[in-house]
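Here is the structure we will look at.
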Amino acid sequence: AGFRVMGKSLTIRGEDRDSTILRTNAGYGVLFENSYGSLITNLTITGGKRDADGMATDAGIVGKNCRLTVKNVTIRDNTHRVDTVVVGIGGIFGREGSEIHAINNRILNNGWDGITLYRGASAVIADNIIKRGRGAGIGITWDGSALIYRNRVSEYWKGIGAFGQSRVICRNNVVFDNIGWGIIATGASFMEVL
């Protein structure tokens with residue numbers, strides 16, 4: 001991890017997205033672990049380096065066993081790849097036990113999913129611009145759950161997806177110019193779309 005917040009609540013507040021830039025040089029740009037009530041806001045995260053382990057959930061921001069708000073953050077140009085690994089670096093990833101509020105962020109030109117939840121994670125994902133990456137713009141997997149509304153998702157392989165046994169409410173999103181499908185629910189997942 002480039003920056004790690006563990007076992008405490010912390011607010012990381014930049015001056016603004018243009019002048020406060022975290023160059024992480026890591027697969028997990030900013031990792032929040034066992035961190036309840038943390039906030040990261042008003043900055044840019046870039047310069048990630050993909051881990052060689054293909055199972056790593058590399059992203060600009062990763063939450064595990066946490067309650068985290070990500071607001072007014074730009075996560076961009078995390079495009080480093082390892083030739084032996086298909087996946088790259090994503091935007092915001094919620095792992096087991098995380099509750100994430102991702103509000104008004106710009107996730108631009110990264111090497112994997114925009115926002116993804118794994119293993120029981122939950123999120124409110126609203127008012128984000130998620131553009132130009134590989135994988136899914138927003139992916140809710142395993143038994144994750146999310147409220148997804150007023151996002152713009154474009155230029156990914158896939159737009160918004162519910163997989164496994166996930167539960168999703170998806171409203172008022174603009175999903176366009178993706179290579180594959182726009183919005184999909186597969187397996188035993190549930191998605192309500194309006």
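The values are calculated or read from the model by the stated rules, or taken from the named source; none is laboratory data. Computed from a prediction, not measured in an experiment: that's the story for all the values here. Cβ placement follows ideal geometry from the backbone for every residue including glycine, while neighbour counts extend to all protein chains displayed. Side chains included, ligands, DNA and RNA excluded: accessible areas come from the protein's heavy atoms. Shrake-Rupley method; radii C 1.70, N 1.55, O 1.52, S 1.80 Å.
Before moving on, here are some points about what is shown:
- Ordering 126-135, 34-43, 8-17 by mean Cβ neighbour count within 10 Å, with the highest value first, yields 126-135, 34-43, 8-17.
- Computed over the alpha carbons of region 134-194, Rg followed by Dmax gives 10.4, 28 Å.
- Its relative contact order, with pairs defined as Cα atoms under 8 Å and 6+ residues apart, puts region 1-91 at 30 percent.
- Its alpha carbons considered, region 38-143 gives a radius of gyration followed by a Dmax of 12.4, 35 Å.
- In range of the label at Ser19: residues from region 61-77 whose backbone nitrogen is under 20 Å from the point 7 Å along Cα→Cβ: 71-75
- Of every Cα-Cα pair in the chain, the percent that sits beyond 21 Å: 43
- Centre separation in Å (Cα based) which lies between region 144-180 and region 53-83: 18
- Reach of Lys49 by Cα under 16 Å, taken over aspartates and glutamates that are not fewer than 8 positions away in the same chain: Asp58, Asp77, Asp83, Asp113
- Spacing of the two label points (7 Å from each Cα toward its C-beta) at Asp83 and Ala188, in nm: 4.2
- Prolate/oblate/rounded label for region 49-88 (Cα gyration tensor, a/c 1.5): oblate
- Peptide packing: for 137-146, 81-90, the average count of neighbouring Cβ atoms within 10 Å per residue gives the ranking 137-146, 81-90, highest mean first.
- Accessible surface calculations at 1.4 Å, restricted to protein heavy atoms, place the chain at 43 Å² per residue.
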